[in-house]
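Okay, structure first, notes after.
The values are calculated or read from the model by the stated rules, or taken from the named source; none is laboratory data. These figures come from a predicted structure and were not determined experimentally. Backbone-built Cβ (ideal geometry, glycine too); neighbour counts: all protein chains shown.
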Amino acid sequence: MPISPLNRRQLLALAGTATAATFASRFAWAGSSHADHGSHAGHASHGAQPVGSGLDLESDRWVLPEPRKIKLATNLNAVCLAPVAVADSQGIFKRHNLDVEFVNFGNSTEVLLESMATGNADAATGMALRWLKALEQGFDVKLTAGTHGGCLRLLTLEDGPKSFEALKGTTIGVTDMAAADKNFFSLMLKRHGVDPVRDVTWRVYPIDLLSVALQKGEIQAASGSDPLMYRVKQQPGFAELATNMIEEYANMSCCVVGVSGELARNDTPVAAAITHSILQAHAWASHNPDAVAEEFLKFAINTSKEEVHAILTEHTHGYYSVGNTFVKEIAVYARDLKNVEVLRPRTDPLEFAESIHADVFA
């Protein structure tokens with residue numbers, strides 16, 4: 001039976017043990033001014049750490065009564081998911097009585113979702129804009145939370161286009177025609193009066209050749225994700241036209257937690273424990289980027305502690321969305337994906353968002 005949440009003072013006073021003290025001090029950053037469950041807190045200025053949408057990250061309400069083994073599918077090379085990769089070493093999963101086996105699916109979203117739908121994985125993390133089309137097609141997967149903002153970049157040459165409007169009639173390089181970055185910048189083009197289907201040309205390149213294609217003039221912009229796009233941005237001659245931390249999307253999550261439909265329906269406490277652990281991990285990372293960067297080097301390739309730290313601090317790992325806030329965010333994504341012809345014309349954005357959501361903290 002879940003126990004009611006305790007604040008730091010109550011936890012220390014009641015427990016009086018070194019373990020409790022460690023637990024309380026570790027999550028002291030969570031603060032006591034969260035809004036009600038489902039409310040929305042906007043992002044602070046770029047680089048500041050915003051609060052989440054009302055879930056008590058200090059609470060042990062979602063700790064399982066006994067250990068449970070789970071399989072968590074994720075991309076262990078994605079810097080924006082670094083907090084998930086290091087959550088195990090920080091003891092966050094263990095404190096929730098979760099024994100986690102990581103399954104690295106890289107960028108294969110369809111395989112990842114199918115693994116959850118068929119019971120080969122219990123949960124996964126990934127990008128909303130990559131998952132929604134697949135979920136529209138009927139995968140038995142439920143989304144439980146948004147984990148943070150940031151990840152995607154649109155780059156040009158320093159003397160290249162300076163706005164979305166200026167991209168009309170140009171060619172944009174991408175790594176995948178179904179990639180989250182391609183979907184995001186398509187909807188931003190649409191918002192700025194450029195039809196992403198008819199007014200621009202999309203051309204697929206291996207990610208390490210996008211910068212070369214820009215320099216050769218084969219493309220006028222390049223769309224991709226960190227860490228490579230961050231790395232290219234640092235090089236002389238390149239400029240960042242936009243990220244996914246702009247306009248309405250500056251106040252939204254970009255990556256999500258998903259669980260198998262069976263788990264959401266039949267074992268909600270486990271789904272809640274997984275989700276709560278992951279949100280704790282991201283929030284902890286927002287205050288400890290150095291520690292996360294150091295630990296993440298065990299999983300990542302071709303990067304450095306300094307680079308991982310810099311990327312993490314440009315994201316908003318202290319922000320998350322759950323409950324009604326999260327449903328509304330997914331509905332916005334669905335609406336805009338529908339407008340750029342990714343989702344079906346008959347799809348109702350809010351109904352779709354509600355149908356693929358499980359409020360495991362209700």
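Return yes or no: is Phe238 of a type in the set (A, V, I, L, M, F, W, C), over 16 Å from Leu72 (Cα atoms) and in the same structural domain as Asp208 (by the TED database)? So Phe238 passes the test. The set of residues from region 193-208 being surrounded by fewer than 15 Cβ atoms within 10 Å (Cβ to Cβ) and either more than 16 Å from Thr175 (Cα to Cα) or acidic (Asp, Glu) (or both) comprises Gly193, Asp195, Val197, Arg198, Asp199, Asp208. Taking the conditions exactly as written (assigned by the TED database to the domain that holds His276, of a type outside the set (Val, Ile, Thr) and farther than 27 Å from Thr347 by Cβ), does Phe102 satisfy them or not? Yes: the conditions hold for Phe102. Checked against (1) at pLDDT 80 or above; (2) under 14 Å from the mean Cα position of the chain (by Cα); (3) assigned to a helix (DSSP H, G or I), Leu112 passes all but a single condition, namely (2). Within region 287-322, can you find the residues that are touching a Leu at 6+ places or on another chain (Cβ under 8 Å), assigned to a helix (DSSP H, G or I) and either among the β-branched types (Val, Ile, Thr) or closer than 22 Å to Gly258 by Cα (or both)? Correct list: Val292, Val308. Criterion applied to Glu101, Glu58 was being free of Cβ contacts under 8 Å to residues at least 60 places away in the same chain, assigned to a loop (DSSP other than H, G, I, E, B) and more than 30 Å from Val174 (Cβ to Cβ), and the one residue passing it is Glu58. So for region 152-174 (the condition being under 20 Å from Pro345 (Cα atoms) and in contact (Cβ under 8 Å) with a residue 24 or more places away in the chain), does at least one residue qualify? There is no residue in region 152-174 that is under 20 Å from Pro345 (Cα atoms) and in contact (Cβ under 8 Å) with a residue 24 or more places away in the chain.
Would you check if Glu307 is surrounded by fewer than 24 Cβ atoms within 10 Å (Cβ to Cβ), of a type in the set (D, E, K, R), assigned by the TED database to the domain that holds Arg130 and in contact (Cβ under 8 Å) with a residue 24 or more places away in the chain? The answer is yes for Glu307.
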